[in-house]
Amino acid sequence: MTTKSAFTGISTKPPAEENHSCWSCGAMRAAHFCESCGKVQPPAPVDYFAFFGLPRRQLNLDVAKLEKDFYELSRKLHPDVSARASAQEQEWSLEQSSMLNDAYRTLRDPIKRTQYLLRLEGIELEEQSKSATERARATGETKKQIVPPDLLEEVFELNMQLEELRAQKKMGEDDPALVEEVGRQKLELEERYDGLLEELENYWKEWDVLIDRGPEANAEERAAVAKKMVDVLNRRNYIRNLVRDVTAVLES
Amino acid sequence: MAYSDKVIDHYNNPRNVGSMDKSSADVGTGLVGAPECGDVMKLQIKVNPQTNVIEDAKFKTFGCGSAIASSSLATEWVKGKTIDEALTIKNTEIVKELSLPPVKIHCSVLAEDAIRAAICDWKKKQGAEKPVAAEAK
Ligand code: FES
């Protein structure tokens, strides 16, 4: 079963080894350039992982290697290099190079990389809350909040404190006890924020182990790990806002 | 980003900001969040147990302008409605009224969620004969 991701419009299954041949010399084509004659190839409709020769989509990436590949490809795809090539080749170079930039920017960032993978898995992060609401509306059931209620409670309370401190600061009469309390919260929040990244990295490990076991065997397990990653990203959004707002208030 | 006039109006003059006693038997409280952006909204309703009419509503939102406007509008809309009528309010109506752009749809979803959560909380307190599937997950 091949599913299409609405977001990327490309196949969400790792592509089978491409067996096309070079448009110019007919030798087996490589991803971006022909291995035999070196000519640029038309961009293939692959995802960002495959673009970098990582068709198995592991989340633990060798970022140093990614960077090296990026610079090497950038150099080769640079307009100066293809200035004397045909118009068609120049256009392909341009397309390849714009995909290269998008792919690199997405994969080098741990959060963007995870979000991208989840999208490839058919999970629309922006739609999750809306679809849960639509389900609740249709069934008359209570929508389960996507993050734990405790967290919402905490976010709300801290925001109330921040509002108070903001008002005090405006009047120039900040209560030192409140400033200290919020300062303490800031440190704790920053720690939690880092902790969430560590948690996410643990799920990467789980994910990569599953991937190593083959693509078909474990759809359910994949979904379970994907869900854990979605949860971390959601919680992280709240903590990110708090860190941002606490910092802003303390510095105001 | 450009907000519509109605959003700006609600943002500058939010209606019904505040809170009610959470523990009171005729008050329902909904605290909800938008995981997409990490914003939170609290909406409370005070319901007449005889008529099931929402007599008062208050909100407090920590989020973007559209979320503040959506919740302000939501409190206006639910007031005077019965519980069942309030449950028919859809986020798409809020989107329309406030002319929210597609990227701000989740902010209106938050307001619909808040209404539903507040009603659910109130119903739970009433020990409603027909529990709103409180145990359903
Ligand atoms: S951006 Fe988060 S509720 Fe509007």
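Throughout, read-outs are computed from the coordinates displayed, never taken from laboratory work. Just so it is clear, the model here is predicted, and its values are computed rather than measured. Cβ atoms come from the backbone with ideal geometry, glycine included; neighbour counts cover every protein chain shown.
Sort A:Ile111, A:Ile239, B:Ile115 so that the residue with the fewest other Cβ atoms within 10 Å of its own Cβ comes first and the one with the most comes last.
Fewest-to-most ranking of A:Ile111, A:Ile239, B:Ile115: A:Ile111, A:Ile239, B:Ile115.
This ranking places B:Leu100, A:Leu152 by how few other beta-carbon atoms lie within 10 Å of each, fewest first, which gives A:Leu152, B:Leu100. Of the trypsin sites (Lys or Arg not before Pro) found in the range A:198-241, those that fall in a DSSP loop while having at most 12 other beta-carbon atoms within 10 Å are A:Arg213. Only DSSP H runs of four or more residues enter the estimate; each adds -39500 (n - 2.57), and after division by the residues of chain A the mean residue ellipticity at 222 nm equals -21500 deg cm²/dmol.
Distance from the alpha carbon centroid of the range A:146-183 to that of the range A:66-95 works out to 52 angstrom.
Determine the relative contact order of the range B:1-68: mean sequence separation of Cα pairs under 8 Å and six or more apart, normalised by residue count, in whole percent.
32
Bridgeable aspartates and glutamates around B:Lys6 (alpha carbons under 12 Å apart, same-chain partners fewer than 8 residues away excluded): B:Glu97.
Restricting the trypsin sites (Lys or Arg not before Pro) of the range A:64-96 to loop positions (DSSP other than H, G, I, E, B) with no more than 13 neighbouring Cβ atoms within 10 Å leaves A:Arg84. When +1 charges are put on Lys and Arg Cβ atoms and -1 charges on Asp and Glu Cβ atoms, the dipole computed for chain B relative to its Cα centre reaches about 180 debye. Pairs of Lys residues in the range A:146-251, spaced 8 or more positions apart or belonging to different chains, with C-alpha separations under 24 angstrom: 4 in total. A simple count of charges around B:Thr51, restricted to other residues whose Cβ falls under 13 Å of its Cβ and scoring Lys, Arg +1 and Asp, Glu -1, yields -2. The simple spin-label model puts a point 7 Å past each Cα toward its Cβ; for A:Glu91 and A:Ala224 those points are separated by 4.9 nm. Count Lys and Arg as plus one, Asp and Glu as minus one, and take only other residues whose Cβ is under 11 Å from that of B:Val27; the net charge is then -1.
A:Arg113 sits among other residues whose Cβ lies under 12 Å from its own Cβ, and their net charge, with Lys and Arg +1 and Asp and Glu -1, is +2.
Per residue of A:181-189, other chain Cβ atoms within 10 Å of the residue Cβ number 0 on average.
The longest stretch of chain B left intact once loop-based GluC sites (Glu not before Pro) with at most 13 other Cβ atoms within 10 Å are removed from consideration, loops following DSSP, is B:1-128.
The ranking of B:His10, A:His32, B:His106, A:His78 by Cβ neighbour count inside 10 Å, starting from the fewest, reads A:His78, A:His32, B:His10, B:His106.
Sparse packing (at most 13 other Cβ atoms within 10 Å of the Cβ) combined with a DSSP loop state is found for the following GluC sites (Glu not before Pro) in the range A:53-150: A:Glu124.
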